[in-house]
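Input: a single structure, listed below in structure tokens.
The values are calculated or read from the model by the stated rules, or taken from the named source; none is laboratory data. Quantities reported herein were computed from a predicted structural model and do not represent experimental measurements. Backbone-built Cβ (ideal geometry, glycine too); neighbour counts: all protein chains shown.
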Amino acid sequence: MHLRRLVVISNRVALPDAAGKAAAGGLAVALHEAFQAYQGLWFGWSGKVSAHPAAHPKIIDKGQVQYAVMDLTSLDRQEYYNGFANRALWPIMHYRIGLSEFSRADYAGYLRVNRSFASALAHLIQPDDLVWVHDYHLIPLASELRAVGIINPIGYFHHIPWPAPEVFGALPGSTELLRVIPDYDLVGVQTERDADNLRRSLVQELGAIHRRADLLDVGSRRVRIKSAPIGIDVNGLQQAAQRSGSGRLLKQTIAGLGSRQLIIGVDRLDYSKGIPERMEAFERFLVSHPEQRGRVTYLQIAPTSRSEVPEYATLSRVVNETLGRINGSLGEPGWVPIHYVTSTYSRAILAGLYRLARVGLVTPMRDGMNLVAKEYVAAQDPQDPGVLILSKFAGAAEELTDALIVNPNDKVEVAEAIQHALHMSQEDRVARWQAMLKVLWDSDVTRWAAAFIKDLAANKASRVRRSTGLKKESNDR
Ligand code: GDG
């Protein structure tokens, strides 16, 4: 039987290990089943820098799936990745206008890398392929692919928030970035709020016309923008959490805790995650409820990320200062209030720690979805589940309405939510957990990927329209 092919493009590619076992990252798990139903090609940056990268990608053949990776020059990495993607777009998308550093050179580098990916892909994409692009590094890719003659259905999934038009409009070049959106047939975002923000920007800036609530015409181009909240591998997480108790690190942690309750936070070290703010809310909790001192431990796992970007070095300093101040002023011989670790743990250990924790503290200042919130819920013991405290600014808050929802800017509110969580009855904990687990199953990651691909594959009409209307379209950019 001839299988149609799915071409996935993301900044980084999760290569399987030497034994051919698929990588454990979120997207790799999501695509695993899709790559059983379709033949697969996964294209992206190798993560390596070289002085003279080849114009064609290196192909690694793993049977049903081929991986195609390209090196970048160090200037590419600086301008495209560290520069425009992570210093200009990331902060704007997370509502941090003041942190956004725009440079024309970086923007030119961003477009250059997108163009070089498109020209490499032009040789790889076949007429019947479905093309699925991921995340903010690659927003202009469809436009570049159209420019080299690709008329296949192209979808895009945006993993991070799409901000309100007033915020996005503060980015120089934002209108240009909006103009490339209708070169996609389907755009998925994490929440209804994000979808509404992007649609409003297209209407306000480009005069897009609504054909349906989720369908917009921009000149002769038509794009569907829908909310498609990403899920997790619920079964995988549950199994890992159940098996975790026997591990050495878990046993040590249990022994170290004694009768203390564990509160856990797990985040990449990123300013969007609200780590110093969360530590200060925990400090407020200990000050307001002194009887809890010595009875709880807050473990924050925060693997270092994007360390070449200056704002991340500043954050690391701020976190260390905040941590030192709180532990110094409130700690006692034999009790350290906050344990802070920057190493990366295996998925199995992480699942075990989630299950051990009475409270999952997930309080980003802004987050596209936040998979940690979902993983924490999935890992719980059904008889004696912990409580999720969740920021109203995480995409997950649109779905996990049975969490204790907080405003991460309000330290008193977060502190009182911690107290509430620690005193919540078992009955209440079980009822909330059951409701949230149902939501997790409904948006399990393999279903999520399958639904997106199905929507994309339903785009035949638009393909015909594109092939006939291409000349006219090139005038309206
Ligand atoms: C972006 C968006 C959106 C963390 N520490 C360790 C570890 N992790 C894993 C977690 C989780 C993942 O990393 C982080 O996912 P998040 O969703 O929390 O955040 P981002 O990395 O910012 O992801 C986000 C997501 O894309 C998906 O669309 O939800 O909003 O920003 O899976 O478990 N994993 C291991 N060891 C660690 O120490 N193994």
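Taking Glu308 as the residue in question, decide whether it is of a type in the set (D, E, K, R), over 22 Å from Ala88 (Cβ atoms) and outside the structural domain of Leu89 (by TED's automatic domain parsing).
On the way: of a type in the set (D, E, K, R): yes; over 22 Å from Ala88 (Cβ atoms): no; outside the structural domain of Leu89 (by TED's automatic domain parsing): yes.
In short, no.
From the residues in segment 137-150 that are part of a helix (DSSP H, G or I) and not polar (S, T, N, Q), which one is nearest to the ligand (Cβ to nearest atom)?
His137
Cβ-Cβ under 6 Å, sequence separation 6+ or interchain: first residue in segment 143-162 and more than 13 Å from Arg115 (Cα to Cα) and touching a residue at least 12 places away in the same chain (Cβ under 8 Å), partner of a type in the set (Ser, Thr, Tyr) and in a loop (DSSP other than H, G, I, E, B). Which pairs?
Ile154/Tyr184; Tyr156/Tyr184
Which count do you get for residues in segment 177-197 that are charged (D, E, K, R) and within 16 Å of the ligand (Cβ to nearest atom)?
The qualifying residues number 3.
What number of residues within segment 242-255 satisfy the criterion of being closer than 25 Å to Pro337 by Cα and either within 23 Å of the chain's Cα centre (by Cα) or touching a residue at least 24 places away in the same chain (Cβ under 8 Å) (or both)?
7
Among the listed residues Ala208, Ala213, identify the single one that is surrounded by fewer than 17 Cβ atoms within 10 Å (Cβ to Cβ) and closer than 24 Å to Pro153 by Cα.
Result of the check over Ala208, Ala213: Ala213.
Taking Thr297, is it of a type in the set (S, T, N, Q), at pLDDT below 95 and assigned by TED's automatic domain parsing to the domain that holds Gly328?
No.
Please state which one of Pro364, Pro303 is within 25 Å of Pro161 (Cα to Cα) and at pLDDT below 95. Before the answer, list the steps.
Numbers: Pro364 fails: at pLDDT below 95.
Just one listed residue meets the conditions, Pro303.
Being more than 17 Å from Pro91 (Cα to Cα) and in the same structural domain as Ile9 (by TED's automatic domain parsing) narrows it down to one residue among Gly188, Gly169; which is it?
Going through Gly188, Gly169 in turn, the sole match is Gly188.
Answer with yes or no whether Ala55 is out of contact with any strand residue (DSSP E or B) (no Cβ under 6 Å at 6 or more places or on another chain), modelled with pLDDT under 90, within 16 Å of the ligand (Cβ to nearest atom) and among the hydrophobic types (A, V, I, L, M, F, W, C).
For Ala55, the condition - out of contact with any strand residue (DSSP E or B) (no Cβ under 6 Å at 6 or more places or on another chain), modelled with pLDDT under 90, within 16 Å of the ligand (Cβ to nearest atom) and among the hydrophobic types (A, V, I, L, M, F, W, C) - is not met.
Anything in segment 163-182 that is of a type in the set (D, E, K, R) and either crowded, with 24+ Cβ neighbours inside 10 Å or in contact (Cβ under 8 Å) with a residue 60 or more places away in the chain (or both)? List them, or say none.
Listed by number, the list holds a single entry, Arg179.
Within the set of pairs 6+ apart or on separate chains, which have a first residue in segment 344-356 that is under 21 Å from Arg260 (Cβ atoms), a second that is in a helix (DSSP H, G or I) and near the ligand (Cβ under 6 Å from one of its atoms), and C-beta atoms under 8 Å apart?
Listed pairs, sorted by first residue: Leu350/Glu375; Ala351/Glu375; Tyr354/Glu375.
Does segment 151-176 hold any residues that are away from the ligand (no atom under 16 Å from the Cβ), in a loop (DSSP other than H, G, I, E, B) and under 22 Å from Leu215 (Cβ atoms), and which are they?
Passing the criteria: Ile151, Asn152, Pro153, Ala164.
If you take the residues in segment 408-441 that are closer than 24 Å to Ile232 by Cα and touching an Asp or Glu at 6+ places or on another chain (Cβ under 7 Å), which one is surrounded by the fewest Cβ atoms within 10 Å (Cβ to Cβ)?
Ala435
Can you name the residue in segment 225-272 that is charged (D, E, K, R) and touching a strand residue (DSSP E or B) at 6+ places or on another chain (Cβ under 7 Å) and, of all such residues, is surrounded by the most Cβ atoms within 10 Å (Cβ to Cβ)?
Step by step, filter segment 225-272, then rank; the result is Lys226.
Whether any residue in segment 192-203 is closer than 22 Å to Ala450 by Cβ and either basic (Lys, Arg) or surrounded by fewer than 19 Cβ atoms within 10 Å (Cβ to Cβ) (or both) is what I want to check.
Yes.
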